[in-house]
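This report concerns only the one structure given below.
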Amino acid sequence: MGRLIAGLLMAGLVGLAPAVQAQAAKTFKTRLSPVPVTAYNVNVVGSGTVTATLTRLGRNDEALQWFERAGRERPQSAEPHIYLALMHARANRNGDAVREATAALQIDEASANLQFTQALQMPPDPSNLRGWIAWLQTKTPAGANPGGRR
């Protein structure tokens, strides 16, 4: 009888272990990037990442803050600048988009172009980002939005 009670207690404790573990605090890491879209389509939205979720909810200012924070925390990374550029372009702030894309090029041209190419699911071409910057500049009247968001 004693063994039966001890066995039932042990089974109960083992059964409670997942519930106790589920209450433990967890830390998650996310990648700050929108889901890829077609070339030159700056209506960047997505799912599965913090910033994509924020943009899908129309909380673009919060998404911009995440990218700006990522840029401060990873100053040698072109990636946050690429996504800032895409977000600015989406909001028709082409001067800001050009400024961020140019900053990404200055950090690491190959990485910046790769990030941009992957984000927009473009065919690989080492001039994708530079071509987009040139295209944006044609859409920005002289003196309009010189990049003054910050």
> Which of the residues belonging to region 101-130 are touching a residue at least 24 places away in the same chain (Cβ under 8 Å), farther than 18 Å from residue 89 by Cα and not acidic (Asp, Glu)?
Replying inline: 107, 111
>> Name the residue that is modelled with the lowest pLDDT, counting only residues in region 51-80 that are part of a helix (DSSP H, G or I) and in contact with a Pro (Cβ under 7 Å, 6 or more places away or on another chain).
In response: 51
> Residues in region 72-81 that are within 11 Å of the chain's Cα centre (by Cα) and of a type in the set (Gly, Ala, Ser): how many?
Replying inline: 0
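Name the single residue, out of those in region 121-140 being part of a loop (DSSP other than H, G, I, E, B) and either in contact with a helix residue (DSSP H, G or I) (Cβ under 7 Å, 6 or more places away or on another chain) or at negative phi (or both), that is modelled with the lowest pLDDT. Let's see the steps before the verdict.
Step one: of region 121-140, the residues part of a loop (DSSP other than H, G, I, E, B) are 121-127, 140.
Next cut, either in contact with a helix residue (DSSP H, G or I) (Cβ under 7 Å, 6 or more places away or on another chain) or at negative phi (or both) only: 122-127, 140.
Details: 122: 91, 123: 94, 124: 94, 125: 95, 126: 95, 127: 95, 140: 75.
The selected residue is 140.
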>> Of all residues being of a type outside the set (A, V, I, L, M, F, W, C) and crowded, with 22+ Cβ neighbours inside 10 Å in region 58-80, which is nearest to residue 115 (Cα to Cα)? Just the residue, please.
In response: 79
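Does region 81-92 contain at least one residue that is of a type outside the set (Phe, Trp, Tyr), assigned to a helix (DSSP H, G or I) and surrounded by fewer than 17 Cβ atoms within 10 Å (Cβ to Cβ)? Walk me through it before giving the result.
From region 81-92, those of a type outside the set (Phe, Trp, Tyr) are 81-82, 84-92; that's our starting set.
This time we only want the ones that are assigned to a helix (DSSP H, G or I), so: 81-82, 84-90.
Within this subset, residues satisfying the condition of being surrounded by fewer than 17 Cβ atoms within 10 Å (Cβ to Cβ) are none.
Scanning region 81-92, I find no residue that is of a type outside the set (Phe, Trp, Tyr), assigned to a helix (DSSP H, G or I) and surrounded by fewer than 17 Cβ atoms within 10 Å (Cβ to Cβ), so the answer is no.
The values are calculated or read from the model by the stated rules, or taken from the named source; none is laboratory data. For clarity, every value in this text was computed on a predicted model and none was experimentally measured. Neighbour counts run over all protein chains shown; Cβ positions are idealised from the backbone, glycine included.
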